[in-house]
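Report on the following structure.
The values are calculated or read from the model by the stated rules, or taken from the named source; none is laboratory data. For clarity, every value in this text was computed on a predicted model and none was experimentally measured. All Cβ positions, glycine included, derive from the backbone under ideal geometry; neighbour counts span all protein chains shown. Only protein heavy atoms, including side chains, enter the accessible area calculation; ligands, DNA and RNA are left aside. Shrake-Rupley method; radii C 1.70, N 1.55, O 1.52, S 1.80 Å.
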Amino acid sequence: YAFSGTAITSITIPASVTSIRDNTFKLCTNLTTVTFADIENSVLETIGNGAFRESGLTSIAIPASVTSIGNDAFYNNSSITSVEIPASVTFIGSTAFKLCANLASVTFADIENSVLETIGNGAFRESGLTSITIPASVQTIGYYAFTQTPALTIIYIADGQGINGSA
């Protein structure tokens, strides 16, 4: 809860930071900009549970070093419109982007080399997605991952794999 609920509007995260811990920027509704200093050399590995929950972010480009996006990481962030997820991410937690009503675009960078294995339960539930291309590396799409996403008309799975459960 380092900055939770504060009035900060922007932050630059140094390349040496390895983790954004749980709830660090939770309820920072004025936080619209997160910049990763020297993003190419960032060693950030983890975006923790609820790290940017209910913040005011409008978009984010996640460093290529990140391997995990925690549960509720961007939950109920109504301002966010786009997210770029690097090929290094193996896990997107449950309800990570739930209730992101204006999230229209999720891009998986270098999708052919993606190592994403898991999209958690309700990960994009009640978001503004209109379409999404899921990397072929995905092994598990959790229950209700895309439920109540009325604008979502196309889900493309890069390698044509099937979807099990109530995605």
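In segment 14-54, how many residues are among the acidic types (Asp, Glu) and on the phi > 0 side of the Ramachandran plot?
2
Condition (residue is closer than 22 Å to Ser65 by Cα, more than 13 Å from the chain's Cα centre (by Cα), open to solvent by 50 Å² or more (accessible area, probe 1.4 Å) and modelled with pLDDT under 95) applied to segment 122-131: is it met by at least one residue?
no
Is it the case that some residue within segment 33-56 is more than 18 Å from Ile119 (Cα to Cα), part of a strand (DSSP E or B) and under 10 Å from the mean Cα position of the chain (by Cα)?
No, that holds for no residue.
Quick check on this structure: which one of Thr58, Thr12 is among the β-branched types (Val, Ile, Thr) and either touching a residue at least 60 places away in the same chain (Cβ under 8 Å) or over 17 Å from Val106 (Cα atoms) (or both)?
Thr12
Looking only at segment 93-108, how many residues end up being surrounded by 24 or more Cβ atoms within 10 Å (Cβ to Cβ) and closer than 18 Å to Thr140 by Cα?
Count: 5.
Of all residues being under 12 Å from the mean Cα position of the chain (by Cα) and open to solvent by 30 Å² or more (accessible area, probe 1.4 Å) in segment 57-67, which is nearest to Ser19 (Cα to Cα)? Just the residue, please.
Only one residue tops the list, namely Thr67.
Could you say which residue among Ile119, Ile111 is buried (at least 22 other Cβ atoms within 10 Å of the Cβ) and among the β-branched types (Val, Ile, Thr)? If you could, list the steps in order and put the result at the bottom.
On the way: Ile111 fails: buried (at least 22 other Cβ atoms within 10 Å of the Cβ).
Every option except Ile119 fails the conditions.
Considering only residues that are open to solvent by less than 50 Å² (accessible area, probe 1.4 Å) and closer than 18 Å to Ser79 by Cα, which ones fall in segment 25-53?
Phe25, Lys26, Cys28, Leu31, Val34, Gly50, Ala51, Phe52
Which one of these does Thr90 not meet: (1) closer than 18 Å to Glu45 by Cβ; (2) surrounded by 19 or more Cβ atoms within 10 Å (Cβ to Cβ)?
Thr90 satisfies every listed condition except (2).
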